[in-house]
1. Provide the per-residue ³J(HN,Hα) series for segment A:192-199, in order, calculated from phi with Karplus coefficients 6.51, -1.76, 1.60 and θ = phi - 60°, each as a whole number of Hz, with x at glycine and proline positions.
2. How much accessible area is lost when chains B and A come together, counting both sides, with a 1.4 Å probe, in Å² rounded to the nearest 100?
3. Send over a whole-number figure in Å² for the accessible area per residue of chain B, probe 1.4 Å.
4. Rounded to the nearest 500, what is the 222 nm mean residue ellipticity of the protein assembly as shown from helices alone, with -39500 (n - 2.57) per DSSP H run of 4+ residues and division by all residues?
5. Give the calculated FRET efficiency between C:Tyr85 and A:Val20 to the nearest 0.05, with a Förster radius of 60 Å applied to their Cβ-Cβ distance.
6. Could you give me the ³J(HN,Hα) list for segment B:14-30, computed from phi with Karplus coefficients 6.51, -1.76, 1.60 and θ = phi - 60°, whole Hz, x at Gly and Pro?
7. Return a whole-number percent for the relative contact order of chain C, with Cα pairs under 8 Å and 6 or more residues apart as the contact set.
8. Report C:Leu16's accessible area, 1.4 Å probe, all protein chains in place, as a number in Å² to the nearest 10.
Amino acid sequence: MSKIRRDYENSLWRKLVRFVYGENDSFHEKAGYDIEHPETEKRKEETFFEEVDYTKKKKESDKFFAKYSAIAEKRGEKVYNHFYKFLAAITCFSIIMILLVTVAKLPSFGNPDNPVNNEVSERYIEQGLEETGAVNIVAGMILDYRAFDTLGESHVLFIACVCVMILLRLDKETNDPEKLKALENDRDFEPKNEAILQHAAKILVPVIILFGIYIVLNGHISPGGGFAGGAIIGSGLILYLNAFGFKKTEMFFTTKTFSVVSVSSLLFYSLSKTYSFFTGANDLHSIIGPGTPGAILSAGLILPLNIAVGAVVACTMYGFYALFRKGGI
Amino acid sequence: MLEFLSGLNDKPFEAVAIILFGIGFTTLFLHPNLIKKIMGLNIMDTAVYLFLAAKGFIYGRKAPIVVDGVTSMEAYINPIPSGLVLTGIVVSVSVTAVMLALTVRLYRRYHTLDIDEILKIIRKEGN
Amino acid sequence: MDKWFLGLLTVLMIILAVCIFIALIRVIKGPDLTNRLVSVNMIGTMVNVMIIMLTIYLQEEWLVDVAMLYTAISFLSVIVLSKVYIGVYKQKASEASAAENKAEEEAK
């Protein structure tokens, strides 16, 4: 909000307003007419108001003001809602057009001579299998050449889960009535004991978790890896939780399990990568050799790192769901 | 104009990615509902993944998984954008979770998801 | 691979894409939450079929893993959504009955 200027009365805008409303015509002064000065008018008003019942007058004017300001507000919202669609369309269109002009000048799609396909990807493809032992070149890239990046990613996931825990955790010994109400609501209206879902979950949960373990263990010889496999294991846990409720899940998955599993996997990851950086990063003389490409027990440190990442991701996915659903793991 | 259209015809996937990006950007900046703002951010993320994946593709080549020990540049697509997309997905999941948690806290405090209403209530409380 | 077979797959994928688009319209427009839920489930199934067709079309057998992953996630999403919706419905019903009880007591 801008301040009202002190010399507002003498400003050009005020003069224009006065001219429009006919309060003070500047031509009159020039012509020498006898007109009332605005200050005298003001004084007159003050004396007039001193005599009347001030509180009653104020109440009436407040009522009047509230009535018309409400109308103005409502109308303003309506105008805004109409204006919003127009503005959104224009913004969307202009941003898309500006970016499309840029895209039209980019190198063409699917061309092997593009500048993206430079010597870096050539090196990864041609030397990757020999140096890391991973058949899946992407897995070899993200867990060997750029493993530091993946370490940061898994820490980001863990820290996000901890942040959500800080924001949404509901203590049972809390005194806050709103929190207590939220705690009761989720437990009360949770649908319980659905026969179809329970029978389906009995068959599906082991299969889903087994598939997740398969994806994690085959991270270096097929697509997938720690992130995808961990997400599948987490979804299996969420299905179990949905079918059988929190009491049965708390028998094997509590906050303690969460912290122990994720912290120990993150520590294992950090320690093993520290070891490999300490011994000289790329020319890694690991105790675990690359092995024969294509076998499950191959590719050096990639398999254990995949398992660690998968454990962190599974815990985090389950943790997110449980925190949002009931406010606690 | 003709040059522009032929340039777009050359790269349809990038053009679609840009259109998705524009839709997400508009929703993020102009929609008053907090949940829809988060949806807009997620659409923007998806557009960026599509753009990166399209940049990595090369006609007639296969996914970067070594088959029969062939390790020549001419057999596989570019693996670097795939790794970048993986990083992006993980970060986007964490950011979305934290944003949703903050939205839940805001809803518990003000009982509305409209950002304008929340600002009005805050202004009233401040005075 | 037979050329005709690949052509047939392309045509089927185009038809599926049109179907997905129609289901998407129902998701956006749907008057009720149940309509939206059913159409989201339909979209999941059709995308799954499309991924399996792509497996044959592109000759990349790794994509079957992706299809299984997609099945698991879409099944889970529909279950969680319906579960949340049942919870919301129960809460609304109990609040309405509580309000009715209050009105009856006041009438007495």
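1. Whole-Hz 3J(HN,Hα) from phi for segment A:192-199: 10, 6, 8, 5, 5, 5, 5, 5.
2. Numbers: alone 9570 and 24180 Å², together 28590 Å².
Approximately 5200 Å², summed over both chains.
3. It amounts to 54 Å² per residue over chain B.
4. Numbers: 20 runs with 421 residues, N = 564.
Theoretical 222 nm ellipticity from helices: -26000 deg cm²/dmol.
5. With R0 = 60 Å, the Cβ-Cβ based efficiency is 0.55.
6. These are the phi-based 3J(HN,Hα) values: 5, 5, 5, 4, 5, 5, 4, 4, x, 4, x, 4, 4, 4, 5, 8, 10 Hz.
7. For chain C, the relative contact order is 20 percent.
8. 30 Å²
The values are calculated or read from the model by the stated rules, or taken from the named source; none is laboratory data. What you see is a predicted model, and the numbers here were worked out from it, not measured in a lab. Glycine also receives a Cβ, built like all others from the backbone with ideal geometry; neighbour counts cover every protein chain displayed. Calculation scope for accessible area: heavy atoms of the full protein, side chains included, ligands and nucleic acids excluded. Shrake-Rupley method; radii C 1.70, N 1.55, O 1.52, S 1.80 Å.
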